[in-house]
Amino acid sequence: MKADALVIGAGPAGLMAADRLLAAGCSVLLAEAKPSPARKLLMAGKSGLNITKDEGFEAFLAAYAEAADWLRPMLAAFGPAEVQDWMRGHGQAVFTGSSGRVFPKAMKASPLLRAWLGDLSGRGLDLRARWRWTGAGFDTPEGPVRVTAKATVLALGGASWARLGSDGGWAPVLAVRGVALAPFQPANMGFRVAWSAHMARHFGQPLKNIALIAGAQRVRGEAVISAKGLEGGGIYAVSRALREGAALRIDLLPDLDAAALVERLAKRPKGETAANTLRKLGLSDARLALVQECARPLPSGPEERAALLKALPVPLQGPRPMDEAISTAGGIPRSELTEDLMLTRVPGWFAAGEMLDWEAPTGGYLLTACLATGRWAGNAAARFIQSRSG
């Protein structure tokens, strides 16, 4: 089987690469191992598809930490503003929440995906489902198939959510070809806590109106107490620092400074139980339970109590397994790629999305970079094909 371009992986990065190749006039075969495309995108969009974040470019770029310089040209070409225009171009109106996060008004990913796939199909995309890449070809329902293409874009995802297609199974294939990969690590994940039996009735309860502190990082957000430990957006935002060894502390009263809290505690009646004192301060059942779990007995002095409530230590036992993580760090490092995202050891092969060794928090950063790198790789693959045609 022949095509100008072969794209492997039909998530956001792969679909965007195929989009750009079609725009350049290339014939494109898009192979997907699962029965349908973009399963992780659809799952992520179930609670509201946070497609990007509306903020200044430099602030947006800073979320990618040491990968910011690498991703800068790709995000400058297709960043938050361009993502929103692209959404509107596919009939999806968007809105920006109070935190700057951008969502489609439909909230779900499915209307966008239907419109996008319809557009790609109308432009000639050849999408093949249940085609699993082996490195030499594909295992398909019809048997082994080999594809001859002038350029290949790999968009196979990271190594989390294997049931949705991102299982890191491509890593050995590239390693055989001499590509030096950065080890996979979980990113945007929950952390294990060995709760006592008393916490069972609080499983599933949110910890609202808190600030999470991990090393030099302080983030306002929410977390959820689960049977396994702590998870949720606030935890994900500091997950990298925690994974790298920082201790977790939680400010349970972030709207009250330490001096004001000491003053309030000093005014509480003598002989009042610690639990009643905490309730009078406005701590919810979940926050109260967390204090009783992690700081029993509570110090008696107002200064000591205030210090504890402003930085409650929560003993973690490490991250949840990688397959439970929203995303992964690691993969193909910059040193193994040209500026066009072509593998230096395999000319004509390009890579995009979570396969690349960059890490970003949730909040629209993940999806935007997947789209931007897919677009970059697709355009580069089209130029590669054109340079070798005729």
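The values are calculated or read from the model by the stated rules, or taken from the named source; none is laboratory data. Nothing here was measured: the structure is a model prediction, and the numbers come from that model. A quick note on method: Cβ atoms are made from the backbone with ideal geometry, for glycine too, and the neighbour counts reach across all protein chains shown.
Structure notes:
- Residue selected from the range 264-307 under the condition part of a helix (DSSP H, G or I) and free of Cβ contacts under 8 Å to residues at least 12 places away in the same chain, by the criterion farthest from the chain's Cα centre (by Cα): N276
- The range 121-135, residues that are over 25 Å from R163 (Cβ atoms) and out of contact with any strand residue (DSSP E or B) (no Cβ under 6 Å at 6 or more places or on another chain): S121, G122, R123, G124
- Number of residues in the range 308-328 that are outside any helix (DSSP H, G or I) and either acidic (D, E) or on the phi > 0 side of the Ramachandran plot (or both) equals 1.
- Each residue in the range 149-194 was checked for being outside any strand (DSSP E or B) and either of a type in the set (G, A, S) or over 23 Å from T362 (Cα atoms) (or both), and 24 pass.
- The numbered conditions (1) part of a helix (DSSP H, G or I); (2) surrounded by 15 or more Cβ atoms within 10 Å (Cβ to Cβ); (3) of a type in the set (G, A, S) are all true for A3 except (1).
- From the list A211, A259, the one residue that fits, being under 18 Å from L316 (Cα atoms), more than 20 Å from the chain's Cα centre (by Cα) and outside the structural domain of I8 (by TED's automatic domain parsing), is A211.
- T362 part of a helix (DSSP H, G or I) and closer than 20 Å to A67 by Cα: no
- Of W170, W161, all but one fail to be in the same structural domain as A65 (by TED's automatic domain parsing), surrounded by 19 or more Cβ atoms within 10 Å (Cβ to Cβ) and touching an Asp or Glu at 6+ places or on another chain (Cβ under 9 Å); the exception is W161.
- Residues in the range 262-286 that are among the small types (G, A, S) and under 18 Å from L312 (Cα atoms): A274, A275, G282, S284, A286.
- Exactly one residue out of E272, E303, E339, E293 is out of contact with any Gly (no Cβ under 8 Å at 6 or more places or on another chain), modelled with pLDDT under 95 and acidic (D, E), and it is E272.
- Scanning the range 192-203 for residues that are of a type outside the set (A, V, I, L, M, F, W, C) and more than 22 Å from the chain's Cα centre (by Cα) yields S196, H198, R201, H202.
- Any chance R128 is in contact (Cβ under 8 Å) with a residue 40 or more places away in the chain, touching a Lys or Arg at 6+ places or on another chain (Cβ under 6 Å) and surrounded by 17 or more Cβ atoms within 10 Å (Cβ to Cβ): no
- Counting only residues that are touching a Lys or Arg at 6+ places or on another chain (Cβ under 8 Å), without any contact (Cβ under 8 Å) to a residue 60 or more places away in the chain and surrounded by fewer than 18 Cβ atoms within 10 Å (Cβ to Cβ), the range 213-255 holds 2 of them.
- Strands (runs of 3 or more DSSP E) contained entirely in the range 41-148, each with at least 1 residues that are under 22 Å from G232 (Cβ atoms) and touching a Gly at 6+ places or on another chain (Cβ under 7 Å): 101-104
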